Structure formats: C-alpha cells, structure tokens
Amino acid sequence: MRSTLRGRLNWLRSFPHPSSGVLLESLDGELDPNREAKIKTHLGRCVRCRVRLEELQEGLQFFQRTVTASAPQFDVEAGLQQLKTALREGENSNRQSDSIPDEKAAPTLYARLLSELAIYVGKRTAVQLLDQCDQELLQRDRFSEVVEPVITTFLGKHAGAAVVANVLRIWDRTQQVAS
Amino acid sequence: MSLLTQGSSASVTRAILGITVAHLVIGIFVHAKWLASGDLHILRLYFDYEGAFVFLLFSTFQLFFATSAYRAFSSHQPLGTAWFYIMLASVCGFVGTVFTKLLAVDSALNPVNYVASGALDSVRVLLGNVGTVIGGPIQMILFGAGLYLAIRVYRQLGMLARLKVTDKILIGATMFYACIVVIGIVQAVRSHPDGVTAERALTWPGDYLLSLLLLEAIILRRAAVEMGWGFVSKVWGAFAAAIFLTSFCSLMNWLTAYGIFDWTHTAFVWYLWYPASAAFALAPAYQWEATRTAKIRLATKVEELELPA
C-alpha cells in the first residue's frame, strides 16, 4: 500500500501545478502540444488548478464583456460550459432552478480584480500581479504592496491611486456580496 | 472606450482613427482620379490643404496629450522623465509640421505668401529646411531618449520580454536599413558631390536615428504584446507602430530617390505618412484616456461598473 501511495505522490510531483501565466498561455493556445497535453492531464486530476483555470476564464470573459465588442480571443462557449458545470456541481439546495443564467452568476473576487486590472495593464500582467498576491487566498494588503507601484509607475500618481482605490472598493463590495 | 467610461463622450482615440480612415478613403478617390485624368490640381488640393490640416491636427493632438501625460507624473517617477522627452519631441514635431506643411508650401493657407515680399521661394525653402531639422533629427533624438527611459522602466519592473525570432529578423532588417542609409550617403557624396543639396543632407541624420528608434520600437512592441492589450501596452504599441510606419515610408523614399523603385510604384507611400502621424498622436492619447478612465471609474458607483448582460 505504501509503495502505491509513494508511486501516486511521485506521479503527482511529476506534474507540478502550472502557474496562472502558463494557464493563460494554455487558454490562448500558445503552448507547444507536449506541454499542453501535460497541462490537460494535470487539470484532469487537480481540482485546485481546475478552479484556478475557471476563475481565469471567468475573469477574462468579464474583462472581454467590459472592454471589447469584438469576438473574444478564446473559446467562450467552452469556458461558459465549464462554468455552468462548476455552478451545477457547487449549487446548494436552496437554489430554485437548475439553469442559472451565466450572466447573472456573480463573478468571483479574482475575476473582478483581473477584469479591472486588465483594462490598464493587459490580462497577462494582471494575472502575474494577482499571482504575486495569491497565497491560497488573495491577500488585500499584499495586493496594495504589489499592484500599486506597478500601476502608478505606468499611469502616474493620481491615476494609479484611482485605479488601486477603485479595485479595493470592488474588492470590498464583492466580499460584502459574497458574505 | 465608452463602455469603460459610461456616460462619457466619444473617445479621442476613436476620433483620431476615424479621421485617419476618412482621410485615406478620400485619398484613394483622389489618387484614382489623378491616375485616370492626370489632374495634378486635385492632388495638390489633397496634400497641400486637407493633408496639411490633418498633419497639423494630429501634431496638435500629440502635443496636447503628451503634455497632459507628462503632467500626470511626479518629478521622481522615471516614466515622468520619459514623458518629458516625449513632450519635447512633440513640440519639435508640431513646430516641424507648421514649418514644413504650412510655411514652406506654396498654398493659399501659407501666411508667408501674404507678409513676405521679394524672394518668396527662398524664404519658403529656408523655413522648410528649418522645419526638417526640428521635425527630423532633433525630434528623433528626443523621442529616442524618451523611449529608452520607457524601456528601462520595463526592465526595472522585470517586464521586458525575451525577443522572439520575428523580432530578431526585424532587428536584422533595421541594421540593414541603417547600412543602406550610410551606403547611400557615401555614394551620393562620392558620385555627385555637387548634387548634394542642403535639403537632402538635412534628412540624413534623421534617417539614421530612425533606425535606432526602430530598434527601441521592436523591444517595446514585444514588451507590449507580452503584457496583454490594456491601455499601457496600447500606448507603447502605438509608438512602435508609428516608428515602423515612418521607417517604412522613409526606406521607400530612399529606394525611390536612388532609383531602385520607380516613383509610380511607391506613390502609395505618400498616404502612409498620415497613419504614421496618427499613431504618434494615438500613443499619448491612450495614456490620457487611461488616466481619465481611472478617474471616471472611481467616480462611478461600484454597482454600475458591472455591465448588464
């Protein structure tokens, strides 16, 4: 039994958790086929990375709805399908209906922050910045430390402060709604 | 952009793009009419009047938004210094445009025709040469300094992306372009020393500096692409596009001037200067829109930031 468990652990270690940047590259179709296959295999077995991928997709869909009228750059249908599946799996007994329209599903905190930051610094930089604030949970204090210098560097003091202040109030509002 | 700043007026960047497209569409008709009828008058109307107005408009936009972008930074911020040089470059661009597109041209819009008497041609040539220097090499040096500082900021933040094969090919093409410029200058001086005019010589440093700017543009473009398309990458991406277009037009002019291509085959380049000018105006306009968007979104209620389905 021990050897089976060790074998399983070794197998899991051979597929380290991909970073959000790599997941984003996977969504954009920029990984080579070999790496893409490994990511897909890992996602098939790692719930945490699947959740992170869904958060990314949700954030990017939210961002696309916010800023562009043009066709999204990744497969929205697949993303929406995954989101529907996740919602159905996670729904509690108090919900009235099985078919919750995707437009009315409240975006997660990660999705909101990603969407708002991506307006200014682009989705990849936004993902990288949020990754630095993410230690199992997004850290609010860490967010200000990490994000504010980057935003104010590119936009100037006042606009940078406005962006960060706006993101933090979106943060507070999303947490308020969630609780 | 109005999706981001709900309730605000039409976007400035859209206006610049719209004016460019409209002007080019008119240019297509003008060019077709000229090819069909040989009527030079319509070409002159297009370039000396409408074209001059468009160049002046874009250089005014560029100056206004670059100044606004510079003011948004405090003195110790590195990008503030970058925008300072870009603002100075925009001043040179504006002055150069006024001199070369208005004061050096024999058109009814030129006030020199009404105030100067005597050798009008030589006055216009002199003003054109001054404008070429200010709007050429001096502007390039200042732009180069600004873009260098921007690249340094990217590097300090660890956002400078590794160059890909296509970038390296473009850099190779840039070096090739710089060599063409140098060889062309040497050949011109050797073969026709009497034919080397002051007007032509004044453009040489600008062309060489353009190849250095092109190198910076390639690096910035890669950094912008790797960031993902947000306001920041649009700013530096627009600068990169402006420099690419200007370099291409300049190269075509060189090759035409030295007989490699016939001018009838490169006539389309006359119109490409307008998108290049638009791109130089778009870059600071995106920066302005980013700061404006940030302030408007902060002033908007949080609930209203979430768009309806």
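Take the Cα of residue B:49, step 7 Å along the line toward its Cβ, and report every residue of the stretch B:74-114 whose backbone nitrogen sits under 15 Å from that point.
In the stretch B:74-114, the label zone of residue B:49 (backbone N under 15 Å from the point 7 Å along Cα→Cβ) covers B:106-110.
R0 = 22 Å: FRET efficiency of residue B:155 with residue A:144, Cβ-based, nearest 0.05?
0.40
Taking Cα atoms, how many degrees apart are the long axis of helix B:198-227 and the longest axis of chain B, rounded to 10 and kept between 0 and 90?
The two axes meet at around 20 degrees.
Counting helices only, and only those DSSP H runs with n ≥ 4, report the 222 nm mean residue ellipticity of chain B as the sum of -39,500 (n - 2.57) divided by its residues, in deg cm²/dmol to the nearest 500.
My calculation for chain B gives -25000 deg cm²/dmol from helical runs alone.
Once you keep just the Cα pairs under 8 angstrom separated by 6 or more residues, what percentage relative contact order results for chain B?
Computed over chain B, the figure is 22 percent.
Can you sort B:140, B:175, B:252 so the residue with the fewest Cβ neighbours within 10 Å comes first?
Starting with the residue having the fewest Cβ neighbours, the order is B:175, B:252, B:140.
Can you compute the modelled spin-label distance between residue B:115 and residue B:201, with each label point 7 Å from Cα toward Cβ, in nm?
2.9 nm
Less than 11 Å Cβ to Cβ from residue B:166, Lys/Arg counted +1 and Asp/Glu -1: what total charge do the surrounding residues give?
Result for the local shell: +3.
Pairs B:164/B:295; B:33/B:101; B:101/B:164: which are spaced more than 27 Å apart, C-alpha to C-alpha?
Exceeds cut-off: B:164/B:295; B:101/B:164.
To the nearest 0.05, how large is the calculated FRET efficiency for residue B:192 and residue B:248 if R₀ is 35 Å and r is the Cβ-Cβ distance?
After rounding to 0.05, the efficiency reads 0.85.
Please determine, in degrees from 0 to 90 and to the nearest 10, the orientation of helix B:12-37 with respect to the longest principal axis defined by the Cα atoms of chain B, where the helix direction is its Cα long axis.
Relative to chain B, helix B:12-37 is tipped by roughly 30 degrees.
Quick one: Cα centre-to-centre distance for the stretch A:17-66 and the stretch B:68-143, in angstrom?
The two parts, judged by their Cα centres, are 49 Å apart.
Normalise the Debye intensity by I(0) for the stretch B:43-196, one equal point scatterer per Cα, no solvent, then take log10 at q = 0.10, 0.15, 0.21 Å⁻¹ and round to two decimals.
For the stretch B:43-196 at q = 0.10, 0.15, 0.21 Å⁻¹, log10 I(q)/I(0) is -0.55, -1.03, -1.22.
Kindly provide the chymotrypsin sites (Phe, Trp or Tyr not before Pro) of the stretch B:224-295 that DSSP labels as loop, not H, G, I, E or B, and whose Cβ sees at most 14 other Cβ atoms within 10 Å.
Loop-located and lightly packed - B:258, B:263, B:268.
To the nearest 0.05, what FRET efficiency results for residue A:50 and residue B:208 with a Förster distance of 51 Å applied to their C-beta separation?
0.40
If you fit an axis through the alpha-carbon atoms of helix B:52-71 and take the longest principal axis of the Cα set of chain B, what angle between them do you get, 0 to 90°, nearest 10?
For B:52-71 against chain B, the angle is about 40 degrees.
Given labels modelled 7 Å from the Cα in the Cβ direction, how far is it in nm from residue A:36 to residue A:177?
Each label point lies 7 Å from its Cα, and together they span 3.4 nm.
Coordinate-derived values only; no laboratory data. It should be emphasised that the depicted structure is a prediction, and the values quoted were computed from it without experimental measurement. In this analysis, Cβ positions are derived from the backbone assuming ideal geometry, glycine residues included, and neighbour counts consider all displayed protein chains.
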